[in-house]
Every structure is written in structure tokens, then in C-alpha cells.
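Notes follow the structure.
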Amino acid sequence: MPPRSSTRSTRTSTASRASSAANVDYPTETPDNALRTQVATVFREAQKTTASHRKLIVKMRKIQEACCFEPTSAKNKSAASDFSEDDFNTEFVRCVLRVMPIKKSEGVGEKTIRFIGLFLRHAVEKDNEAMGEVDEDASTMPETPGTRLTGVLIETILPLMTAKDKFVRYRSTQLISHIINSLDAIDDDLFQKLRSGLLKRIRDKEAMVRAQAVLGLGRLAGNQMEAGPDSDDSDDDGAVGLLEKLLEVLQNDPSADVRRSLLVNLPILSNTLPYLLERARDQDAATRRAVYARLLPALGDFRHLSLSMREKILRFGLRDRDETVRKAAGRLFRERWIEDCAGTPPPADGQHPEISPPSVDALLELLERIDVVNSGVENGVALEAMRGFWEGRPDYREAVVFDDAFFETLSAESAFLCRSFNDFCRSEGNAKFEALIEEKLPEVTKVAFYLERYIKVLIDAIKRAEEHAPDDEDDEEEEEGDTVEQEFIVEQLLHIALTLDYSDEVGRRKMFALLRQTLSIPELPDEVTKLTVDVLRDMCAPDPKGEKEFCSIVLESVADVHDTILDDNGEGDGDGDDESFHSARSEVSGDSTPTKRGKTKTPELSEEEAAAKAIKEITINMKCLHIVQSMLSNVAGDLQQNDHLVAMLNNLVVPAVRSHEAPVRERGLVCLGLCSLLDRSLAEENLMLFMHFFSKGHTALQITALHILTDILNVHGAQLLSANPTLLKVYIKALRSGAKSPEVQAAATVAASKLLLGRVVSDHQVSGELLKTLVVAYFEPASSDNQSVRQALNYFLPVFCYSRRENQELMASIALDALHMLYNVREGLDDDDADVEDEMVSLSTIGACLVDWTDPRKCYSPGTDAGLLLETDKKIVNGDVHLEFAKNILEKLDGNLNKEEKKIILSLLGKLYISPTSSQDLLREVFTDISDMVDHPPLSDAPSRNALYKIHVSLGKIINALDAAAASSTAAPGTGYAGSRRSVSVSTSRRSVSAAPEAAADRTTAAVLLNDEGVIKEESEDDTMGDVTATEGDGDDTVIGPSSTSRRNRGGKTPAGRSSTGTNASVAPGEDDSLVDDLLSEDGEEDVTM
């Protein structure tokens, strides 16, 4: 085929193509002829643009017909008529082979392969038209020029799928897959060959080859499953086996392109659909987007999916971390699913979906299909879905009507529809939709009347369900479902009431009286109670006077609810508020007052009646405590300044905490914790009580106690933690309880992270202990299955360290202790290497994380854009954090550690960042310690020596530069005074770096010198050979050390005011040495030039 025309340089591409072409077995070239010219001309035009493909296909077909059929007359005879069908097939295949070596990035390859597929399809269709009707159930295809050309082409291309060159494999696999997707039918023998060849390519090492292979296999699997198990030409076992292999690739292939190709090409069947929808959680954003933009629209009516599938699909899409996925999921919900409910037929391939006129009935059905009763609660996905719906469908915003007829016949779906519309208009668009609310929603008075009506319906349904238990299970489920729906309707109306404007005094009074009366109903569900209290607080003034009024109203309702116990026992003539809490105190005081009153006024109860009475009392007390809990969540004033709260604490909360009934006691504990947030002295008095509940309670109670303690510390400060050392032990115990109770460990991890990140804990020892425990919990294998802990720490540790320099210093101070604990943990694991690596990451990886978290270049800088340092600024950042880290490492190396742990710690030295802008005193101190360790190295292995030598050279360079600057600053100008001759050597006499003897024998040494400007340079082996002394150890090590020798610069002159002293340190690296490659590579003008 003639070469393509291009205006850009193709030298590299041509060279690569020539290399690839060597892997293609071209047929023996024959002399040029007229047929070759015609075929090649068509191919040359086809690779230019796809716009002319239709015309070129017709032209190529005429050439094929001229070769395959006898001309009907002499006039129709052309130059190609002198050639046979075999000649045409040979020339056609010859041109196709020229496409095989073309790289993936070349567009001509895609155009040519597309042309080949279209031509083969056109040829087969024309042949079938000429033959008339063909038996579609025949196992073999009829012999036609088109099928014979297809067979010859496939037989030629199939061997190339195993070629050595990756581009040949890619193009051949691409062509085969394109042919499969272009043709409607194919011969059985060819089918088996194609299936076998493509199956081998799904394990190819190149992702682009695998992606093309699964394109063809997806079509083959779909055709086999469509044939059915009873069909003669269907190999059912083969089809199932092929599908299983493709589903395995879909789940496990590392390439996102391969997974995405399978996602859109696999047949949508009952057994493949769960695997396809599983890609909504794929790690690649484009693949997740393809689920919502391509797979689900192609699926058809979403109502065929199960309810749980619909909910998961919406939740995964609308809460995805990628914005494009969220947009695709929202578009699917508001454009495709609503049209399915409206009865709009799905669009044909390639056509834009038709938008039907707004239909409120279709919208209500859509809400019903996503189970709005369960998904419409707080943190449910229905609210997010409807927020995007109202934003993207302005036609529905204008069409919806909330008139009296709408509110008189509310259902769960219609109530949620109104609530979501109200929330959207009030929160979106900077109040530009407020006019819609004024236009469409009723005023406060009407809302109050509707709310009163549906509260009465709810209470009647609850009482009806309690009074007569249905004999039939279906009736019982129907009663329960009706109660749940009525409760949901009331909740939605209360959510609307939370946002209303109560400037209308008539409407405010009506709503206030209704809510006050509603709160006194004992049967009121908990969620409705909470919302009622929230609305009441919103209606009261935000100042302390309004807060007292709010507390007074709520506690009156609590007294009314609690008095129902006395009313049931005929004791409605109690005296005062103190008597209203009588039952709560009776839990603590035993049989004092209640027994006396019971003996005189009530007959003895049977065992069943006594049990029912006890349950009733517990239920009422729980109801009272829930109202109080909701009230305390809306109070922010001082507890001691509010007499109502003090009375409530003494008469209800404290007796509940002392109750013998576990549910009452636990809810009382929550109320006591909320009260402690309002008064510091109360919190200090009850700290031991909360810690006792943590020590003795079950898992849920321990989590509650942890939440209370953390809130107290956040509100009242960390002084409570310093004054109570036992409190720290509570957090440490909870953080180490992963194996026993992972839920407690997860709650403690979040709590400790908040305390550290919010700088609530300021004591260095306490915060260090907490941080060390968190680091150990992050890496230890005990938390490997606790994803809540891993996810929380995966966010917290980098953010904590990079947010403040003080946090990095804290991390550096505890890093080695945490590493030592993790070393002991790893040593305690089984000796099986494979199991150890699976359970816990290597200690070198842990060390690298600790170094990275303490890197001063990554710390937040307040004076820069987004707190990020520029590349030039990173070189001058203060590096005292890593210098202190180095000091800690050197101290550890002097301790009693075993060889393996020392090796791990010593390797960290080479990863530290040494900044020339660090404190001079600290630089000199660390350099002195490093120099001493170079004289007496703790380990002799090459990696350890390299790490030690690298930091030694880095520090020596900086110290030399500092001394040179100091000397030049003290030199008198114009006097010829040369300044001090003193310099600090990088390597002193007899300091050596050892290497393996066999590596030292055949590898050259690199000498690193400091010139007069303080810049490190290298000299060749010949220049430094005179200064290198070699000593041999006792058989294992060959030590090559530099002598401490003063040198002049290469010019032979010493500039005035500069030190001419330098030292060279040479090393013969062994197999693990990487000294010269990474020495000081981060310093711009002072890089070593090889």
C-alpha cells in the first residue's frame, strides 16, 4: 500500500513500523500489475478519511465482481477482468498485511480496519442478494466470493495474533474483532478458530491487545447465548465457559480500558447483569460513568431491576467522588427513569431520547419505585436524587401544583414531593426560587391545619394497631405499612414546617398550640417527636429568654406524658411536678413510696398484669427521656442559669441513670452527657461515671460513652484529660480493642483523630501516646479487616502531619517507637513469608511513610496559594524536623537493638531531606554525630553504608558552604588576605565505606569532591587513585576508604577569601549500591555531573 501523506516528521514512526514489519510474514511479492494498482489506490484513499468509505466500498466491490464473475458483455469488461478471484484475494490480503505493523497512535490504522470490516459486510450482503434466500439455520455458510475472501483473510491474520511485536498483535486482534462485529453470520469452523485465538489474547501482557480481544469475544458470547441451549449450533457449555472467563476478566483485569470494553459489549443477561452493575464501584471513574451513561440506558425499563438494585445504583452514582459520575447518575434519573414511568419508548441507537411533557403521576410512580418511605429519610438517597431532578427539569418545576386537593389526599410519595420541592427552592439558587414557594405552597395556617389532620390519622392508626392484633399476617403487615406511611407523611410536613416564615402571628399561634399539644401524646413516634421539638425551638426566640421558654414548654409536655403512668393506675391526683417524676425515682428507691400507695389504693396484680405494667412504665420513661434528649440537643445556654434544666436533671435524668432497667439507664446516660456539655462542673463530677460505663458496658454502650467523653473534651478543653490520667487509658484501650470489638476501635479512632486534628489535646506526652497508638493501629494486621479504621486513618495521618509543622515534629518524636512496636508485631507473626506479606506491609514501607509524613517540604505554608510550596521554595524550606528525626535515629542505633531493626532504622537516614536553611547549630550537631558513626559504623552491609554515607556527604557539603561563607565574610577587602584555610571534610582520614569484594574488583570508584565554591564535583578514578587506600578484612569485606587530603582546584589557584581544602570520599559500590545515582540529586546547581 502506498505510504500515507503527512506533514509532520515520521522518522521515529517509520523506524518503529519497519521494526514491527519484520515480524509480519509477507507473501512473496509478485510483479506489479493493473489489479494491484486498483486495489492499492482504494486502500490509499480509504486511509485518508472515513467520509469516502461508502463510495470506495462500491468501487472495491466492482473490482471484486470483475475478478470473480464473467462479464455480461464486452462493454462491461474492465482491466480487472483479466484476473481471477484468487488474484483479487491475494492483492486484498497483501494490502491488509501492510496495516498490521502500524502503531496504535496512527489514525490511518483505525480508518483502514474500519473500511475492511465494512467492505466484507457489503460483499457478503451482495452475494446473498445474488443467491436469493439462504437457510439461516444451516451449519455451514454458502460458498460465495465474500465468504471465501473472509476465510482467506482470517486464516492469514490469525497466526499474527501470536506475533512477538505488540503492535502486530494489536492490529491483528483489532481486525478480527472488527470482522466479528461487522458480519451477521460466520462459518462454524472459522467461529471455533476465532474463539480459540481470541481467548488466548485475553491474557496478553498488553492491555490494548486484551481490550480488542474482549470486543470480539463479547459478540461471540452474546450470539451463543442467543442461540439457546436447545439449538443445534449452540455449544451451551462453551458459551457458559466463555462467559465465565469474560466475567472473570471484567472483575480482575488491571486495565480500566479492558473492563470498560467488556462493560459495554457483554450481553445483558440475568446471570451477567449483577457483574455489570458491580462496575458502579469500579476504581476507574470513566468505567463508573459508563455504567450510568451507556449500560443502564441500554438496559431498557429500569423497573425490571429489583428494588435493592435501584437503590444501590442511585446511591453509588449520586454519592460518587467523581463529579462526572454524579452528573451521569442524575441525568439517568431525571431523563431516562422518569420517561420509563411516563411510558415514553426508549430511543433507537444513536438517537437522542425523546422528552415527554411533565407528568406528576409519572413522578409519583418514580418515587414509589425507589421506595421513598425508606430512601427519603435523613441521609437517604432520594433527597439527593430529587435535588438534581428539580434542578435539571425546570418544566416539572413550573408544572407541579400544590393546591388544597393535593394536600387533602397526601400519600408518602406526594408528601415527599412537596418537601423536596420546598427544600430545593429554599436552598438552591441564592433564593431565586423563593417566588415559586410563595406561589405554590400554602400559608402557615393552612399547613398547621393539614398537619393537625394527619397527626390525628397517625395516632388513630397507632392506637388501632395496638388495640386489636390482626389474626392474619397479611392484615398485620397492611396495618404496619399504613402506620409507617402515615408517620412518613407527618415527618415530611414537619420538615416543611421547619422552613416556614412565622412572621404571621395567627399562623404562628396555631402551629405553636398544635405542636405543644402534639408533644404531650405518649404514642407519638420518636422521629416525629424529635422534629416536633426542633420546630418548637425554631419558633421560640434565639436569646436566653426564648431558650427558657422553650425548655419550660417541653418539660411541661414531659410531665404530661409521665403522668399517664399515674393515670393508668388511678393516681391522677398527684401533687406537683415533683410527683410527676415519681416513677423514675421508684426505680432507685425500691418499694418505698410506690408500695405504700399501692397497698392502700390498688388491688394486687397478677404476674402478667405486673409485667405489662412494668413494660408500660419503661416505655413511658423512655419516651420522656427521648423528649428531653431532643430538647437538650437544641439548648446551648448555661445549665445552672436555667432552673427548668436543673429540675429536669435532678428529677428525671439522675434517677434514670441509677435505674435497674438497662434501656432507661442507657438513655439517661446520653441525657446526662448532653447536660455535661452545658456545665463544666457537672462534666468533671461525672467523668468517672462515663469511664465506668465504658469499662463495664456492652459494645453499643462503650461507643456511647466514648462519644460523650470526646464531646466533653471538645467543649470543655483538654485540661480534663491532663487532670484525669485514667481517661487516656480509656482511649488507648479502645484503640487496641480491634480484635475484640472492631466497632469500638473504629469509634475510638475517629474520636482520637478529632481530638488531635482539632488541637484539643495539647499536652505533648498525651498527644504523642495517642498518635503512636493510631500509627500502630494503621499498620498492624489486626486492623486489616476493619475498613472503618483504615479509611479514617488513611485520611487523618497525612492531613494531620501536613497541616502544621508542630504536628510533623510530634510525628517525628514518636515514629521510631511506633516502628519498634510494629517490628515486634511483625516478629510475632508466623514465619511463612507469603502469609506475613499478605497480613502486614514491610517495615521498609512503613519507614518510608513515616519519613514522608515528616517531610518539611509537604507541610502547609500559610503564605502561599492553597498552602502549597513552589518547587523553588521547597529547596529553602527549614528542615529541622528531619534533622531531629536523624538525631532520634542515631540515639536508637546506640541502643540495644538487634541487627535487623538497626538495618531498617539506618536505611531511613538516606531518605531524610537535609536543607541548607536549617538551624546551623543543629546541622553541626547532627554532622558531628554522623561523622562519629562513619568512624564506627553499626552495620557493614552496603545499603546501610550507602544511607549513612549519603547523609554524611549532604551534611558535609552544607557545613563546608557555611564555613566558606563565614570565611569570606571575615576577609578584609583589598588586602590580599586569603581568609581561613580551615574546612570541614566530608570524609576524614581512615573513614571508609566497604563494598563486596567481587563488586570492588570489576567496578570503578566514584570520587566525590568539594571544590572551592563548596560545590560537589567528581573526579575520575585516575585522578583520585593516589588517595585511595584499600584494606582487606577477614574475607567478607573489602574496605576502600579515602584519605583526608587537601587539594587545590583544577586551575591550580586558590581564590582569595575561599578555602582550598577539600576531601574526596570514594566508594566501590556493590550490587546494592546506588550511592552516586542519588547523591544530592535534589539540589539544583550543586548536582553531581556524571
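Rank these by accessible area, largest first, 1.4 Å probe: LEU262, LEU269. Walk me through the numbers before you get to the answer.
Details: LEU262 0, LEU269 55 Å².
I get LEU269, LEU262, largest accessible area first.
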Task: Top positive-direction residue, dipole computed over region 713-775 with Cβ charges, set LEU771, HIS716, VAL760 - done: LEU771
TODO: Calculate, axis by axis, the spread of Cα positions in region 99-206 along the three principal axes, and write the results as whole Å, longest axis first.
DONE: 44, 27, 18
TODO: Treating cross-link reach as a plain straight distance, find the lysines whose alpha-carbon is under 23 Å from the alpha-carbon of LYS545, omitting any fewer than eight places away in the same chain.
DONE: LYS510, LYS530
TODO: Ignoring everything but the protein chains, give the 1.4 Å probe accessible area of LYS530 in square angstrom, nearest 10.
DONE: 90
Task: Distance in nm between pseudo-label sites at LYS432 and ARG54 (7 Å out along the Cβ direction from Cα) - done: 4.3
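Just to confirm, what accessible area per residue do you get for region 398-527 at 1.4 Å probe, in whole Å²? Could the numbers behind the result be given before it?
Numbers: 6470 Å² over 130 residues.
Averaged over the residues of region 398-527, the accessible area is 50 Å².
How do SER767, SER784 stack up against each other in accessible area, from largest to smallest, with a 1.4 angstrom probe?
So the residues, ranked largest to smallest area, are SER784, SER767.
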TODO: Using θ = phi - 60° and the Karplus relation 6.51 cos²θ - 1.76 cosθ + 1.60, list the HN-Hα couplings for region 436-453 in order, rounded to whole Hz, with x at every Gly or Pro.
DONE: 5, 5, 4, 7, 9, 8, x, 6, 4, 4, 5, 4, 5, 5, 5, 5, 4, 5
Task: Ranked packing of 958-965, 891-898, most packed first, by mean Cβ within 10 Å - done: 958-965, 891-898
TODO: State the Cα centre-to-centre distance between region 646-676 and region 392-451 in whole Å.
DONE: 40
Task: When each of LYS623/LYS754; LYS166/LYS193; LYS312/LYS432; LYS733/LYS899; LYS903/LYS950 is checked by Cα-Cα distance, pairs over 27 Å - done: LYS623/LYS754; LYS312/LYS432; LYS733/LYS899
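If a/c stays under 1.5 just call it rounded; otherwise compare a/b with b/c (prolate if a/b is bigger, oblate if not). Do that for region 611-725, with a ≥ b ≥ c from the square roots of the Cα gyration tensor eigenvalues. Before the final figure, lay out the partial values.
Details: a/c = 2.27, a/b = 1.33, b/c = 1.71.
Here region 611-725 falls in the oblate category.
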TODO: Starting from the Cα of LYS62, draw a straight line to each of the lysines and keep only those under 27 Å, dropping any in the same chain fewer than 8 residues away.
DONE: LYS48, LYS75, LYS77, LYS111, LYS126
- [ ] Along Cα→Cβ, 7 Å out, is where each label goes; now give me the distance between the ones at THR845 and GLU608 in nm to one decimal.
- [x] 6.4
TODO: Leaving out ligands and nucleic acids, note down the accessible area per residue over region 616-674 with a 1.4 angstrom probe, in whole Å².
DONE: 37
Task: Accessible area per residue in Å² at 1.4 Å probe, computed on region 734-836 - done: 45
Open item on the list: I'd like the accessible area for ARG148: 1.4 Å probe, protein heavy atoms, all chains in place, Å² to the nearest 10.
Closed with: 80
Task: region 257-320 - Kirkwood radius from inverse mean 1/r over Cα pairs (Å) - done: 11.8
Open item on the list: Rounded to the nearest 20 debye, what is the charge dipole size of region 702-807 about its Cα centre when +1 sits on each Lys and Arg Cβ and -1 on each Asp and Glu Cβ?
Closed with: 100
Task: GLN517 versus SER503: modelled label distance in nm, points set 7 Å from Cα along the beta carbon direction - done: 2.8
Open item on the list: What figure, in Å² to the nearest 10, do you get for the accessible area of LYS193 with a 1.4 Å probe and non-protein molecules left out?
Closed with: 90
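The values are calculated or read from the model by the stated rules, or taken from the named source; none is laboratory data. Fair warning: this is a prediction, and the values are worked out from it, not measured in the lab. Cβ coordinates were reconstructed from backbone atoms using ideal geometry, including for glycine residues, and neighbour counts include every protein chain displayed. Please note that ligands, DNA and RNA were not included when accessible areas were found on the heavy atoms of the full protein model with its side chains. Shrake-Rupley method; radii C 1.70, N 1.55, O 1.52, S 1.80 Å.
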